[in-house]
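Have a look at the structure below before the remarks.
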Amino acid sequence: MPLATSDTIAILADNLRLRKSVLPIPAANAIRWTEGLHLRRGGDTVLYTGQMYQLIPYIEQLVAAEERLGDSFLAGFTGFGRQVNRVLNLAGFMAHPSSAERSVYDRIPHNVALLLRRAGVDFGSLFEDDLYSGALIYDLGVDEVLAAHARTVYEVFQKYEVKEVITIDPHTTNMLRSVYPTFIPGYELKVRSYLEVLAERGFGPTRRLAGEVAIHDSCVFARYEGVVDAPRQLLDQAGLTVREPAHSGIMTWCCGGPAESLFPRRAAEQAARRVGELRAVAGRAVTMCPLCFVNLEKAAEDVIAIEDISDYLLRACEGPEGESDGQL
């Protein structure tokens, strides 16, 4: 018996309204990626994560719990669970990823910060005020809750006098660049993905990586934000041969990720189909979205190696100047 979709959506919306995230996580874990970077707080330009990568290990544990509950008699009690969640954050009891699980996703925003520094970009962070964008609530159509949350996030940017935001993932990019302006009159904020910034500034690779990778375009980047050329340009500069699967660019296939919180089994089926397309053109694939990364990696098993684009780009910046044939 599947969990009641309406109750699941309501719990996510309640969390965003009450706790500023669909899945509230400890602040210390949300900002652990900043350790050792010595970033300033705020400033004209900030690197903004929207907590997307940091949320993934928690989402994965909750999805697993959802599948277990859906196969038990407890599936009929989601309405009661919503009432309890209004008082107590149930996610805090159900999701406890290990430090090793969290480190996989903390690594990626850390990578991005290092790449931006190498490109000579001056930026700060908002640390615990780096809030979730509300992307899932937008996808689910709960506009009233999203509108209030968008105003809260925008007020944080105004508090720190931020003028430009550099984003890490496609969903946060889309929310801050294209969605928030529809809810907030007079919205003034320059928003760019770090991939666009690096493509414009150059990220300074010191060696060329030998090999080929299948590129998996994010639906949100390719279809809504026009971020198609930048990742290909950067991978080419890193020395990689980019292989295009049957569906790519604006015609890319979904990884299944957006449906995972409500329909995990259907999401897994879609991810498996996409892995087949990627494997048909290369033995390795590159993603640029946390949802794509986790869903395709789970489906890949030993069929194909999946990595985030930041891992490849940073690897091309390590080692002696001019070194070639770097390991993928």
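Identify, please: which residue in region 124-153 is crowded, with 20+ Cβ neighbours inside 10 Å and of a type in the set (S, T, N, Q) and is, among those, farthest from MET52 (Cα to Cα)? Step by step, filter region 124-153, then rank; the result is SER125. Within region 221-253, the set of residues being aliphatic (A, V, I, L, M) and closer than 14 Å to GLY211 by Cα comprises LEU235, ALA238, LEU240, VAL242. Could we say that SER178 is among the hydroxyl-bearing types (Ser, Thr, Tyr), assigned to a helix (DSSP H, G or I) and modelled with pLDDT under 95 here? So SER178 fails the test. Just one of the listed residues (VAL165, VAL121, VAL156) is in contact (Cβ under 8 Å) with a residue 24 or more places away in the chain, over 19 Å from VAL22 (Cβ atoms), of a type in the set (A, V, I, L, M) and surrounded by fewer than 20 Cβ atoms within 10 Å (Cβ to Cβ), and it is VAL121.
Here's the yes/no breakdown for (1) hydroxyl-bearing (Ser, Thr, Tyr); (2) modelled with pLDDT of 95 or more; (3) under 27 Å from LEU314 (Cα atoms):
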{"site": "ILE108", "(1), (2), (3)": "no, yes, yes"}
{"site": "ASN111", "(1), (2), (3)": "no, yes, yes"}
{"site": "VAL121", "(1), (2), (3)": "no, yes, yes"}
{"site": "ALA148", "(1), (2), (3)": "no, yes, no"}
{"site": "GLU155", "(1), (2), (3)": "no, yes, no"}
{"site": "LYS190", "(1), (2), (3)": "no, yes, yes"}
{"site": "LEU198", "(1), (2), (3)": "no, yes, yes"}
{"site": "ARG201", "(1), (2), (3)": "no, no, yes"}
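Test GLU164 against the stated conditions and say whether it is touching a strand residue (DSSP E or B) at 6+ places or on another chain (Cβ under 6 Å), charged (D, E, K, R) and modelled with pLDDT of 95 or more. Yes: the conditions hold for GLU164.
The values are calculated or read from the model by the stated rules, or taken from the named source; none is laboratory data. Keep in mind the model is a prediction, meaning the values are calculated, not measured. FYI the Cβ positions are ideal-geometry reconstructions off the backbone, even for glycines, and counts take in every protein chain you see.
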